[in-house]
1. Tell me, what does the Kirkwood hydrodynamic radius of the stretch 235-322 come to in angstroms if you use every pair of distinct C-alpha atoms?
2. Tell me, how many Å apart are the Cα centres for the stretch 95-116 and for the stretch 145-169?
3. Assigning unit charges at the beta carbon (Lys, Arg +1; Asp, Glu -1) and nothing else, what dipole magnitude in debye, to the nearest 20, does the chain show about its Cα centre?
4. Using the heavy atoms of the protein chains and a 1.4 angstrom probe, tell me the accessible area per residue for the chain in square angstrom.
5. May I ask for the angle, rounded to the nearest 10°, between helix 325-338 and the longest principal axis of the chain, with both axes built from Cα atoms and the value confined to 0 to 90°?
6. May I ask you to give the percent of accessible area on the chain that is carbon plus sulfur, with a probe radius of 1.4 Å?
7. Starting from the Kirkwood radius over alpha-carbon pairs of the stretch 186-294, derive D by Stokes-Einstein at 4 °C in a medium of 1.567 mPa s and give it in µm² s⁻¹.
8. Give me P(r) over the stretch 5-77, computed from all C-alpha to C-alpha distances, binned every 5 Å, as integer percentages.
Amino acid sequence: MDRAAEVQAWLEPRADEMAALLQALVAIDTENPPGRALGRCGRALHDAMERLGLAPELIEVAPQRELEDPCVVRCGIGDGPRTIYFHGHFDVVPAQDPAQFQPQRSGGRITGRGSADMKGGLVSMLYGALAARELDLLGDCRIVLHFVCDEETGSVAGSGHLRDAGLIDPGAVAMLTAEPTGGVIWHASRGAITLRVETTGREAHVGYVHQGINAFEHMIRIAEPLTRLSHELLEMRTSFPVESEEAAGSMLVVGGQAGAGAGFNAVPGSAWFSIDRRFNPEEELERELSRLTGMIEEAADAAGAEVAIEVLQEQPSGSTEQTHPAAQTLAWCIEAVEGAAASFQMCPGVLDTRWYSQLGIPAFAYGGGRLDISHGPREYIDEGAMLRCAAVYSLFADQVSR
């Protein structure tokens with residue numbers, strides 16, 4: 001408890017500079033999709049770290065989709081032989097209003113797109129790592145910061161590059177990411193499958209409908225069995241703790257995006273729709289992908305339709321047992337700072353923890369933002385929560401390095 005107070009005392013005089021850095025980051029429009037200004041935001045983080053006396057590295061990664069200057073910011077703090085990863089992302093979901101990129105500081109909150117998810121978390125991790133260095137808490141460990149550019153669209157460019165380049169040490173002590181968990185620990189997450197399904201027909205003028213083949217009709221017939229499946233999956237239950245009984249089901253959204261035809265007065269010659277599947281840790285990626293593609297192909301055959309399936313995302317789930325020593329250490333640190341016992345839950349979506357847990361690294365999400373407001377028009381983070389999370393991260397580094 002004395003160490004927790006010491007860390008908080010180091011952080012509190014730096015509240016204004018933490019807030020200023022967060023406001024500067026929020027002001028950079030890193031909407032993804034499409035993936036704007038990623039290089040600009042990466043350079044802003046790089047420069048901020050340099051001003052704080054660190055030696056960061058800006059890693060340019062291979063172009064993907066529409067991502068603008070995709071990159072990873074990587075920085076080591078300390079020189080111990082064992083590694084603790086602090087991981088986060090600086091891309092954000094699209095805003096409801098351009099004014100969300102004009103951050104507001106008022107009433108102990110910073111409001112703006114990405115403040116909670118998760119640029120505020122990046123600031124907490126950076127200053128938590130600095131506190132650990134300045135207070136000599138790292139022992140035989142070092143903290144490695146990984147700030148990536150594309151978490152909102154699958155993480156393949158950023159986190160995927162880190163793994164493929166061998167920049168994630170499988171022998172690491174632990175990994176933390178600052179997602180907006182609302183004060184709980186996410187020790188597990190769902191896997192993800194995202195598909196784009198396109199049907200092909202034959203265009204014709206509305207006055208010659210008999211000469212056309214309506215791709216939209218084919219799309220409806222292909223989507224129908226998938227819609228039934230989505231309701232069946234909701235009745236399944238995970239064994240991992242979740243925020244409510246309703247959230248324990250397995251998830252499938254059919255038609256989150258869709259399109260057809262060139263105009264209202266023509267038979268559509270093409271039609272497409274999306275499928276987004278978020279499956280529980282008890283379910284297997286390969287089996288679920290095979291089930292979806294098999295159902296699509298079977299329905300297309302029955303309809304006499306031509307169909308093409310594009311796999312946009314296929315990511316396994318990830319989990320770490322809440323009884324793991326690193327999990328219990330994190331819970332202890334949270335209680336020391338917050339004064340209340342921490343709880344564990346499964347994240348309702350996917351997490352970058354999976355890139356680490358797949359390598360056998362105990363990985364967790366914990367952050368001061370709230371998920372329920374993170375993608376909304378009034379996204380904010382509480383400055384007090386941001387400071388307390390920084391203290392938790394610093395204290396965690398101290399405790400796992402013992």
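The values are calculated or read from the model by the stated rules, or taken from the named source; none is laboratory data. Remember, it's a predicted structure, so these values are computed and weren't measured experimentally. We place every Cβ from the backbone using ideal geometry, glycine too, and count neighbours over all the protein chains shown. For the accessible areas, the whole protein counts, side chains as well, though only heavy atoms, and no ligand, DNA or RNA atoms are used. Shrake-Rupley method; radii C 1.70, N 1.55, O 1.52, S 1.80 Å.
1. Working: mean 1/r = 0.0639 Å⁻¹.
One decimal place: 15.7 Å for the Kirkwood radius.
2. 26 Å
3. Numbers: 31 positive and 57 negative charges, 83 e Å.
Charge dipole, the chain, about its Cα centre: 400 debye, nearest 20.
4. Working: 16920 Å² over 402 residues.
In whole numbers, the chain has 42 Å² accessible per residue.
5. So the helix axis and the longest Cα principal axis differ by about 70 degrees.
6. Working: 8080 of 16920 Å².
Ligands and nucleic acids excluded, carbon and sulfur reach 48 percent.
7. Working: Rh = 15.6 Å.
Stokes-Einstein gives a translational diffusion coefficient of 83 µm²/s.
8. Over the stretch 5-77, the share of Cα pairs per 5 Å bin runs 3, 15, 20, 20, 18, 11, 6, 4, 2, 0 percent.
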